[in-house]
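K.L.:
Just dropping this structure here.
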Amino acid sequence: MTEQTPVTTATAKAVPTLPDAQTVTSVQHYTDKLFSFRVSRPASLRFRSGEFVMIGLMGDPDPKTGKQKPLLRAYSIASPSWDEELEFYSIKVQDGPLTSKLQHIQPGDQIILRPKPVGTLVHDALLPGKRLYFFATGTGFAPFASLLREPETYENYDEVIITHTCRDVAELTYGHNLIEDLKQDEIMEEVFGEGFAKKIRYYPTTTREESPKMGRITTLIENGELFTDLGIPPLDPATDRAMVCGSLAFNLDIKALLEKAGLREGANSEPGEFVIEKAFVG
């Protein structure tokens with residue numbers, strides 16, 4: 001999720017530790033605007049890969065009362081449902097209410113984590129298909145980092161295509177490293193066979209810094225370059241399924257293209273050919 005997601009507040013109890021506290025176990029910075037971190041996982045937490053939770057830190061004390069309130073916002077869980085820890089991928093906003101503080105966390109620190117996962121980017125919200133597209137921009141890659149490491153993804157589909165569009169090459173590092181590690185994962189190869197890595201088709205693009213593939217993914221869908229480059233047919237509701245996570249404008253543009261191709265939006269209560277993470281804004 002991004003800093004442009006509305007920040008919410010909740011009354012905090014006067015206790016020495018954070019409410020719903022979890023401990024930071026590792027932090028990795030990729031650019032001056034992007035970082036990831038892992039935290040301990042509540043023993044009782046159960047979630048489906050692709051869902052999100054509310055996390056945060058305590059805000060500054062009120063000048064008059066001295067009381068603090070939690071600053072919370074929605075973050076997709078980037079780790080898969082089977083992981084013993086929880087991973088998150090975040091943007092840094094220097095004057096952001098939450099990430100201006102969150103970007104400075106260190107192993108051993110605590111964050112607030114509300115253990116109530118929700119979200120639409122789950123397998124249950126899609127009808128059966130043969131090819132699954134993940135369309136992401138920026139930190140919208142986070143839920144797909146979870147789903148890419150979920151065995152059910154490869155049990156359900158013959159091919160998984162992940163498109164990730166960022167302004168600069170360095171902003172693709174998190175996703176690139178994850179996919180490279182996944183393709184060399186011996187356990188996944190043992191479970192799904194020697195051809196497992198071929199199921200994953202990674203299609204990164206940049207819009208500002210020069211890279212092997214330039215352009216917005218919406219343009220590359222419209223002009224057919226995406227399909228030509230990958231050697232696959234255009235979107236087809238009979239075989240293709242899609243999940244979308246990016247800015248509000250990006251989500252709407254991709255939705256229009258998917259609907260133009262005949263795909264219908266789904267939900268947990270009524271599965272369809274594509275789903276969009278509505279909680280992600282920015």
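K.L.:
Is it true that THR25 is of a type in the set (Val, Ile, Thr) and free of Cβ contacts under 8 Å to residues at least 40 places away in the same chain?
P.N.:
no
K.L.:
Being more than 17 Å from the chain's Cα centre (by Cα) and touching a residue at least 24 places away in the same chain (Cβ under 8 Å) is true for just one of PRO80, PRO117, PRO107, PRO63. Which residue is that?
P.N.:
Residue meeting the stated conditions: PRO107.
K.L.:
If you check every pair at least six apart or on different chains, which have Cβ atoms under 7 Å apart with a residue in segment 231-244 that is farther than 16 Å from TYR157 by Cα first and a residue that is part of a strand (DSSP E or B) and at pLDDT 95 or above second?
P.N.:
VAL244/PHE135; VAL244/PHE274; VAL244/ILE276
K.L.:
Within segment 112-140, can you find the residues that are farther than 22 Å from ARG241 by Cβ, buried (at least 24 other Cβ atoms within 10 Å of the Cβ) and hydrophobic (A, V, I, L, M, F, W, C)?
P.N.:
Result: LEU113, single match.
K.L.:
Is it the case that some residue within segment 131-145 is farther than 25 Å from ASN177 by Cα, touching a strand residue (DSSP E or B) at 6+ places or on another chain (Cβ under 7 Å) and charged (D, E, K, R)?
P.N.:
no
K.L.:
Continuing with the same structure: Quick check on segment 46-79: of everything there that is within 21 Å of VAL244 (Cβ to Cβ) and assigned to a loop (DSSP other than H, G, I, E, B), which residue is most open to solvent (accessible area, probe 1.4 Å)?
P.N.:
Once the filter is applied, the top-ranked residue is ARG48.
K.L.:
Does SER40 satisfy being farther than 17 Å from VAL122 by Cβ, among the polar types (S, T, N, Q) and in contact with a Ser or Thr (Cβ under 9 Å, 6 or more places away or on another chain)?
P.N.:
In short, yes.
K.L.:
Is one or more of the residues making up segment 100-108 among the charged types (D, E, K, R), surrounded by fewer than 20 Cβ atoms within 10 Å (Cβ to Cβ) and modelled with pLDDT of 95 or more?
P.N.:
No: zero hits.
K.L.:
Counting only residues that are open to solvent by 10 Å² or more (accessible area, probe 1.4 Å) and not in a loop (DSSP other than H, G, I, E, B), how many does segment 258-275 have?
P.N.:
Counting residues in segment 258-275 that are open to solvent by 10 Å² or more (accessible area, probe 1.4 Å) and not in a loop (DSSP other than H, G, I, E, B) gives 3.
The values are calculated or read from the model by the stated rules, or taken from the named source; none is laboratory data. Keep in mind it's a predicted model, so treat the numbers as computed, not measured. Don't worry about glycine lacking a Cβ; one is built from the backbone with ideal geometry, like all the others, and counts go over all protein chains shown. To get the accessible areas, we keep the full protein, side chains included, count just its heavy atoms, and leave off ligands, DNA and RNA. Shrake-Rupley method; radii C 1.70, N 1.55, O 1.52, S 1.80 Å.
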